[in-house]
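Q: Structure incoming, see below.
The values are calculated or read from the model by the stated rules, or taken from the named source; none is laboratory data. Keep in mind that what you see is a predicted model, and the values were worked out from it rather than measured. Neighbour counts are summed over all protein chains in view; Cβ atoms, including those assigned to glycine, are modelled from backbone coordinates with ideal geometry.
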Ligand SMILES: Cc1cc2nc3c(=O)[nH]c(=O)nc-3n(C[C@H](O)[C@H](O)[C@H](O)COP(=O)(O)O)c2cc1C
């Protein structure tokens, strides 16, 4: 009986963690830049790339922080019942974002970084692009992975955002340099 109650409570917890929570908008740390680098990173690889990209472009930085942080067990892709497996199996899942969303008015260019999860974009990034207004923004994605390419991740984000001009995305590794990131942005016509 106790096992049954625990299982029901666990399932309820996972369902609730998928529900987006409306949050107020706030201003990210301002450098006066027209570029905002937005990222989500569960284990730090994408975070490192995002920080170097922001440094190279003198851009502002906004981290998408999950309201419920991902534990090692959550990130276990060998477990079909782990949180990330359950989120992947549910295309409508939108994990809640902690704190306030950035005010985007002063940015014309937004670069979005994420790790590839199951060949796709983590659902929390989908939550972000659905909650903010990307009309008239120039957008590009950068991502890290164990080897996979872009897959359908950007196409999905573009559909979910329903706005903005999306440029080609690129994979980077932890060893990527500031210079390489600056060159990638320049190749897309994005300058500090
Ligand atoms: C749940 C999960 C699913 C993943 N799926 C893939 C995948 O499909 N292809 C791949 O190359 N790497 C995959 N990875 C590896 C991550 O993309 C890679 O380790 C990434 O650099 C982690 O970035 P982060 O440290 O910013 O979270 C997966 C990792 C996790 C936790």
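Q: Going through 176, 135 one at a time, which residue ends up being over 16 Å from the mean Cα position of the chain (by Cα), assigned to a loop (DSSP other than H, G, I, E, B) and more than 23 Å from residue 107 (Cα to Cα)? Working first, answer last.
A: Working: 135 fails: more than 23 Å from residue 107 (Cα to Cα).
After ruling out the rest, the residue left standing is 176.
Q: Do we have any residue at all in the stretch 123-132 that's over 17 Å from residue 40 (Cβ atoms) and either at pLDDT below 95 or over 10 Å from the mean Cα position of the chain (by Cα) (or both)? If you could, list the steps in order and put the result at the bottom.
A: Residues of the stretch 123-132 that are over 17 Å from residue 40 (Cβ atoms), as a first pass: none.
No, that holds for no residue.
Q: Right, something else. Restricting the stretch 76-90 to residues that are free of Cβ contacts under 8 Å to residues at least 40 places away in the same chain and either touching a helix residue (DSSP H, G or I) at 6+ places or on another chain (Cβ under 8 Å) or within 18 Å of residue 58 (Cα to Cα) (or both), which is farthest from the ligand (Cβ to nearest atom)?
A: Checking each candidate, the answer is 79.
Q: Here is a follow-up. Give the residue, chosen from 48, 56, that is in a helix (DSSP H, G or I), closer than 22 Å to residue 169 by Cβ and more than 16 Å from the ligand (Cβ to nearest atom).
A: On the way: 48 fails: more than 16 Å from the ligand (Cβ to nearest atom).
Being in a helix (DSSP H, G or I), closer than 22 Å to residue 169 by Cβ and more than 16 Å from the ligand (Cβ to nearest atom) holds for just one of 48, 56, which is 56.
Q: Look through 120, 136 and report the one residue that is farther than 22 Å from residue 182 by Cβ and within 16 Å of the ligand (Cβ to nearest atom). Give the derivation first.
A: On the way: 136 fails: within 16 Å of the ligand (Cβ to nearest atom).
The match here is 120.
Q: Right, another one. Here are some residues: 116, 125, 190. Which one is crowded, with 22+ Cβ neighbours inside 10 Å and touching a strand residue (DSSP E or B) at 6+ places or on another chain (Cβ under 7 Å)? Before the answer, list the steps.
A: On the way: 116 fails: crowded, with 22+ Cβ neighbours inside 10 Å; 190 fails: crowded, with 22+ Cβ neighbours inside 10 Å.
One residue alone meets the criteria, 125.
Q: Then there's this: Could you identify the single residue in 80, 94 that is under 16 Å from the mean Cα position of the chain (by Cα), modelled with pLDDT of 95 or more and part of a loop (DSSP other than H, G, I, E, B)? Quick ask: steps written out before the conclusion?
A: Working: 80 fails: under 16 Å from the mean Cα position of the chain (by Cα).
Matching residue, one of 80, 94: 94.
Q: Hey, another quick one. Scan the stretch 117-132 residue by residue and report those that are closer than 18 Å to residue 37 by Cβ and in a loop (DSSP other than H, G, I, E, B).
A: Within the stretch 117-132, 121, 122, 132 meet the criteria.
Q: For the structure I just gave you, tell me whether residue 184 is more than 17 Å from residue 120 (Cβ to Cβ), modelled with pLDDT of 95 or more, in contact with a strand residue (DSSP E or B) (Cβ under 8 Å, 6 or more places away or on another chain) and away from the ligand (no atom under 11 Å from the Cβ).
A: Values: more than 17 Å from residue 120 (Cβ to Cβ): yes; modelled with pLDDT of 95 or more: yes; in contact with a strand residue (DSSP E or B) (Cβ under 8 Å, 6 or more places away or on another chain): yes; away from the ligand (no atom under 11 Å from the Cβ): yes.
Taking the combined requirement at face value, the residue satisfies it.
Q: Restricting to the stretch 34-45, what's the tally of residues that are more than 17 Å from residue 184 (Cβ to Cβ) and away from the ligand (no atom under 11 Å from the Cβ)? Full working, then the answer.
A: First, the residues of the stretch 34-45 that are more than 17 Å from residue 184 (Cβ to Cβ): 34, 40-44.
In the following step, the residues that additionally are away from the ligand (no atom under 11 Å from the Cβ) were identified as 34.
Here the count works out to 1.
Q: Please enumerate the residues belonging to the stretch 98-116 that are in a strand (DSSP E or B) and more than 16 Å from the ligand (Cβ to nearest atom). Before the answer, list the steps.
A: Here is the first cut: in the stretch 98-116, the residues in a strand (DSSP E or B) are 101-102, 109-115.
Hits for the stretch 98-116 are 101, 102, 109, 110.
Q: Right, another one. Name the residue that is nearest to residue 56 (Cα to Cα), counting only residues in the stretch 159-173 that are assigned to a helix (DSSP H, G or I) and in contact (Cβ under 8 Å) with a residue 12 or more places away in the chain.
A: Taking the stretch 159-173 and keeping what is assigned to a helix (DSSP H, G or I), we get 159-161.
Next, only the ones that are in contact (Cβ under 8 Å) with a residue 12 or more places away in the chain stay: 160-161.
Details: 160: 29, 161: 26 Å.
Going through the qualifying residues, I end up with 161.
Q: Something else about it: Here are some residues: 59, 73. Which one is touching a helix residue (DSSP H, G or I) at 6+ places or on another chain (Cβ under 9 Å) and without any contact (Cβ under 8 Å) to a residue 24 or more places away in the chain? Reasoning before the result, please.
A: Values: 59 fails: without any contact (Cβ under 8 Å) to a residue 24 or more places away in the chain.
One residue alone meets the criteria, 73.
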